[in-house]
Amino acid sequence: MKPVIFDTGPLVAWFCPRDKHHAWARQAFSQIPAGGLICEAVLAEVCHLAAKDGVARGKVLEFVEQGGLTPVFLGGEFPVLRELLNRYADTPMDFADACIVRLAEIHADSIVCTTDGDFRFFRKNGREPISLLAPF
């Protein structure tokens, strides 16, 4: 299977049984090998949103530590991330979304696991559609 880059929505859905995408996330995750890629921005969002649903933030980090996800740090990518945020300034792209698009550029054969429909419109390398694993 191609490398999987995780967005916030599917992870929150997986951790939070009351999330509307929980059943989809459980089914999708059963087919994805451990070690998917996650950036710091998404990890921060997952910790925050899962905690709002009563999930301990430490549980999210424990999942990462146990090899469920592979953290990727994009500190040296700020110029490219800034370009993405400027290019999509008239869309709801946030910093985490820009990081995911950049990871999709770096890992050209990857799939982005998301519940965010905006990824249907975001492009890697300026004009290439991003392969998605999504409930839509």
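None of the figures in this text is laboratory data; all of them are computed from the coordinates on show. Please read these numbers as outputs of a predicted model, since none were measured by experiment. FYI the Cβ positions are ideal-geometry reconstructions off the backbone, even for glycines, and counts take in every protein chain you see.
Of everything in region 114-133, what is without any contact (Cβ under 8 Å) to a residue 60 or more places away in the chain and outside any strand (DSSP E or B)? Give them in sequence order.
GLY117, ASP118, ARG120, PHE121, PHE122, ASN125, GLY126, ARG127, ILE130
What are the residues in region 1-60 that are within 15 Å of ALA134 (Cβ to Cβ), free of Cβ contacts under 8 Å to residues at least 40 places away in the same chain, assigned to a loop (DSSP other than H, G, I, E, B) and not basic (Lys, Arg), if any?
Scanning region 1-60 gives ASP19, GLN31.
Determine if region 117-124 includes at least one residue that is in contact with an Asp or Glu (Cβ under 6 Å, 6 or more places away or on another chain), closer than 18 Å to GLY9 by Cβ and surrounded by 14 or more Cβ atoms within 10 Å (Cβ to Cβ).
So far as region 117-124 goes, no, none of its residues is in contact with an Asp or Glu (Cβ under 6 Å, 6 or more places away or on another chain), closer than 18 Å to GLY9 by Cβ and surrounded by 14 or more Cβ atoms within 10 Å (Cβ to Cβ).
I'm trying to understand the selection: among the residues of region 69-110, which are surrounded by fewer than 20 Cβ atoms within 10 Å (Cβ to Cβ) and in a strand (DSSP E or B)?
Those that are surrounded by fewer than 20 Cβ atoms within 10 Å (Cβ to Cβ) and in a strand (DSSP E or B): THR70, PRO71, VAL72.
Anything in region 47-63 that is under 18 Å from the mean Cα position of the chain (by Cα) and of a type in the set (D, E, K, R)? List them, or say none.
ARG57, LYS59, GLU62
Out of curiosity, is ALA23 of a type in the set (A, V, I, L, M, F, W, C) and surrounded by fewer than 15 Cβ atoms within 10 Å (Cβ to Cβ)?
Criteria met by ALA23.
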